[in-house]
Amino acid sequence: MDELMRVMTPRPRNAETRRPYLRSWITANKVFFDRNQGEIPETKIDLSEWQLIITGNIDTPFSIDFEYLLSMPKAIVANTLECSGNSRSLLDTKASGNPWTIGGVGNAVWGGVWLKDILERAGVASAVRHVAFEGFEKPLGKAQIKFIRSIPIEKAMTSTILAYEMNGEPLPLKHGYPLRALALGWTGANCVKWLEKITLLDEPYEGFYMDQVYRIHQPGEDPKTGERVTDISLKSIITQPEPDASVPLGKVMILGAAYAGEKDVETVEVSTDEGENWHPADFIGPHEPFAWRHWQYVWNVNQPGSYKILSRATDSSGSKQPMRASWNKLGYNNNGITEHGVTVQVA
Ligand SMILES: Nc1nc2c(c(=O)[nH]1)N[C@H]1C(S)=C(S)[C@@H](COP(=O)(O)O)O[C@H]1N2
Ligand SMILES: [Mo]
C-alpha cells in the first residue's frame, strides 16, 4: 500500500496523499492521509468489548455500546480533514514537524451520530466549557503520553459528530475504528481516533497535546500562551499539473481544490504572472458545508518558458487567502498563495 502514499515516518505512521489522489472530490479511504502520535492498534477491536464512556461534570456518568450508537439517528456529512501541519515543508523558513507537502488533507463522507445527541442525554451542567476526547491506542515514546484533546462545548453541541463510517465503509482501522470524533471544519488534531472516553470539563483539558503542541507560537515563546489550532484556514491547492512538469504550448488544464474550514469558499482565481493578473476558475463537482470545492482553469499559453502558477481562494466573508503564510514555530496553518505555487516548464 505504501507506494500509494508518501510515507514520512513508518512508526508512528505519518503518510501523505499523493497529488493525483487529491483530484477527486472524495478521497478514497486507502489513500487518505495518516497522522498518528501513537501506535495504530494491530487489529480491529471486538465490538462486543468496546464501550464509549461519558463522564466528568454530568448528572450521571454512563456508557454506550456500539449497538446503541447504531440505533441513534444517523448523521451523514461531508467533511474535509486537514492536519494543522499540512504544507509545513513548503514554508521558506523551516519549521519542525512532519514534512508535509500538500497531501495532509482529504475529504470524505462520514457516517455517525451528532455528539449533541449523546451530550443532551447526559444532561450537560451549565459550568461545562470543554469536552475532552480520549482514544485507546498505545502511546509511543518513553513518557507514554495519551493523545487527549478537548474542544469548546459550543463546538461540541453544534457541529461535531462521532463517526463510525468513512465513505460508506466501517471506519478503517487506521482512521480510528470503531469510532472517532470529527469537529467539522476543524483541523485533525481536534478529531480524536479510537475513541473510548468523553469527559465534560469546566476548563479546557490540560496536557501535552493541548499545551505544548497545536499552539501557534514563535521561538522563545511558551507554547501554552499561543492560540490553539481550531478552524481550518482558507486555502487553495493546485493538484494538476505536478510541480516541475513539462507542459506543451496551447491549452493547459489546471486543477485544484479550495477549502475554508467552517466557512464557505466563494471564489478561486488563478494567476500565471506572479499575481499581476487573476482569472476566475470554474468550480466542478459537489458543494457541501465543511467540504472542499474543486475547481479548474483552462490556461492558454503561447510563450515557451518557466511559469509559476498561483491560486487564490476567497471565502464567503470576503477574506482572501494571504500572499504569504504567517510563520510560526511548528509551521501550522500554512495557507500562503506563494508557498502553494506550482512551477511548470512550457515547451
Ligand atoms: N487517538 C488519536 N487520534 C488522533 C491522532 C492521534 O495521534 N491519536 N492524531 C490526530 C491528528 S494530529 C490528525 S491530523 C488526525 C489524522 O486523522 P487520519 O489519520 O484519519 O487522517 O487524527 C487526529 N486524531
Ligand atoms: Mo494533525
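Couple of notes before you dig in:
- If you sort the three axes of the alpha carbon gyration tensor as a ≥ b ≥ c, you get a/c of 1.5 or more for segment 1-129 and a/b above b/c, which makes it prolate.
- GNM remark for the chain: springs join alpha carbons under 10 Å apart, and the peak mean-square fluctuation among 38, 104, 331 falls on 38.
- Remark on segment 190-251: Rg and Dmax equal 19.9, 62 Å (Cα only).
- Build a GNM of the chain with springs between Cα atoms under 10 Å apart, and of 158, 239, 43 the one that fluctuates most is 43.
- Centre-to-centre, using Cα atoms only, segment 282-333 and segment 110-149 are separated by 33 Å.
- Coordinate range along principal axes, alpha carbons of segment 129-186, Å, largest first: 37, 33, 15
- For the chain, the relative contact order works out to 18 percent when only alpha carbon pairs closer than 8 Å and six or more residues apart are counted.
- When 287, 279 are compared by accessible surface with a 1.4 Å probe, the order from highest to lowest is 287, 279.
- Over segment 235-346, accessible surface divided per residue gives 44 Å², non-protein components excluded, 1.4 Å probe.
- In sequence order, calculated HN-Hα J values of segment 195-206 (Karplus, 6.51, -1.76, 1.60; Hz; x Gly/Pro): 4, 9, 8, 10, 10, 8, 10, 7, 9, x, 4, 10
- Whole-Å semi-axes of the ellipsoid equivalent to the chain (Cα gyration tensor, √5λ, descending): 37, 21, 19
- Scalar couplings 3J(HN,Hα) for segment 165-177, obtained by applying the Karplus form with A = 6.51, B = -1.76, C = 1.60 to θ = phi - 60°, are 10, 9, 6, x, 10, x, 3, x, 3, 6, 9, x, 2 Hz; x denotes Gly and Pro.
- Residue-wise HN-Hα coupling along segment 252-264, computed from phi with Karplus coefficients 6.51, -1.76, 1.60 (Hz; x: Gly, Pro): 10, 8, 9, 10, x, 9, 9, 8, 8, x, 6, 8, 10
- Helical runs assigned H by DSSP (4 residues or longer) give the chain a calculated mean residue ellipticity at 222 nm of -1500 deg cm²/dmol, each run adding -39500 (n - 2.57) before division by the residue total.
- Under the combined filter of DSSP loop state and at most 13 neighbouring Cβ atoms within 10 Å, segment 105-148 retains these trypsin sites (Lys or Arg not before Pro): 142.
- Of all the options 34, 46, 59, the one that moves most in a Gaussian network model of the chain with Cα springs shorter than 10 angstrom is 46.
- Sparse packing (at most 14 other Cβ atoms within 10 Å of the Cβ) combined with a DSSP loop state is found for the following GluC sites (Glu not before Pro) in segment 192-230: 206, 221.
- For segment 213-288, the alpha carbon convex hull comes to 167 Å³ per residue, rounded to a whole number.
- Net charge over other residues, Cβ less than 12 angstrom from the Cβ of residue 277 (K, R count +1; D, E count -1): -3
- Exposure rank, largest accessible area first [84, 246, 233; 1.4 Å]: 246, 233, 84
- GluC sites (Glu not before Pro) within segment 39-99, DSSP loop, no more than 15 other Cβ atoms inside 10 Å: 39, 42
- Sulfur and carbon atoms: percent of accessible area, the chain [1.4 Å]: 51
The values are calculated or read from the model by the stated rules, or taken from the named source; none is laboratory data. Keep in mind that what you see is a predicted model, and the values were worked out from it rather than measured. Please note: Cβ atoms are built from the backbone with ideal geometry, for glycine as well, and neighbour counts cover all protein chains shown. Side chains included, ligands, DNA and RNA excluded: accessible areas come from the protein's heavy atoms. Shrake-Rupley method; radii C 1.70, N 1.55, O 1.52, S 1.80 Å.
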